[in-house]
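J.: One structure follows; several queries about it will come next.
The values are calculated or read from the model by the stated rules, or taken from the named source; none is laboratory data. All values reported here derive from a predicted model rather than from experimental measurement. Virtual Cβ from ideal backbone geometry, glycine too; neighbours counted across all protein chains shown.
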Amino acid sequence: MLSELLNKETIQIAHKVDSWKDAIRLASSPLLQQQKIEQRYLEAMIQAIEEHGPYVVLTPKVAIPHARPTEGVNELSMSLLSLQNPVHFAPDQPVYLIIVLAAIDDASHLQALVDLTQVLQEPTQIDSIIACQHPENIVEKIKHYATKEQI
């Protein structure tokens, strides 16, 4: 399921952004263009972080911004922004991967999150995604890591 959501149309690579807000805006842009989310969903993600702090930084180097399904999600979707230079959600939290999650309900996205957990569980896997220079390479890494056997 993850590789259906994160594909070359929803993955971007950028050198740097000026702020975490800009990172979320850029990461969300494919979903806005495809009308999978509305502008108010983007605003809700930013507002949630302003109110609750950088809770979206779930593992070192990775943030997964999201908001409630009722705040402007039209279709289950995800997008990924990979930064060559980190953006800081807090002074001690450099983030290279911003993965926007747009869920339509409380359950339909769970398999994608399980797959994403598989991809992000090893720091070396995160680093190899950050090192990719093209969205197609990130797609290949995600497919590989999401289907990798656990020891």
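J.: Within the range 22-45, restricting attention to residues that are among the charged types (D, E, K, R) and touching a helix residue (DSSP H, G or I) at 6+ places or on another chain (Cβ under 7 Å), which residue is nearest to residue 104 (Cα to Cα)?
T.: 40
J.: Somewhere in the range 21-41, is a residue surrounded by 20 or more Cβ atoms within 10 Å (Cβ to Cβ), at pLDDT 95 or above and polar (S, T, N, Q)?
T.: Scanning the range 21-41 turns up at least one residue that is surrounded by 20 or more Cβ atoms within 10 Å (Cβ to Cβ), at pLDDT 95 or above and polar (S, T, N, Q).
J.: Okay, moving on. In the range 78-92, what residues are assigned to a strand (DSSP E or B) and either within 10 Å of the chain's Cα centre (by Cα) or of a type in the set (Phe, Trp, Tyr) (or both)?
T.: 78, 79, 80, 81, 82
J.: Looking at the range 15-28, I want the residues that are under 19 Å from residue 55 (Cβ atoms) and have a partner that is of a type outside the set (Gly, Ala, Ser) and assigned to a helix (DSSP H, G or I) with Cβ atoms under 7 Å, at least 6 apart or on another chain. Which pairs are those?
T.: 21/46; 24/42; 24/45; 24/46; 25/42; 28/42
J.: Given the structure, is residue 10 surrounded by 21 or more Cβ atoms within 10 Å (Cβ to Cβ), touching a helix residue (DSSP H, G or I) at 6+ places or on another chain (Cβ under 7 Å) and under 26 Å from residue 125 (Cα atoms)?
T.: Yes: the conditions hold for residue 10.
J.: Among 69, 60, which is within 25 Å of residue 84 (Cα to Cα) and either more than 15 Å from the chain's Cα centre (by Cα) or not charged (D, E, K, R) (or both)?
T.: 60
J.: Still on this structure, I have one more. Would you call residue 3 under 25 Å from residue 139 (Cα atoms), at pLDDT below 95 and part of a helix (DSSP H, G or I)?
T.: yes
Yes or no, residue by residue, for (1) at pLDDT 90 or above; (2) surrounded by fewer than 12 Cβ atoms within 10 Å (Cβ to Cβ); (3) within 29 Å of residue 70 (Cβ to Cβ):
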site: 118; (1), (2), (3): no, no, yes
site: 126; (1), (2), (3): yes, no, no
site: 133; (1), (2), (3): yes, yes, no
site: 146; (1), (2), (3): no, no, yes
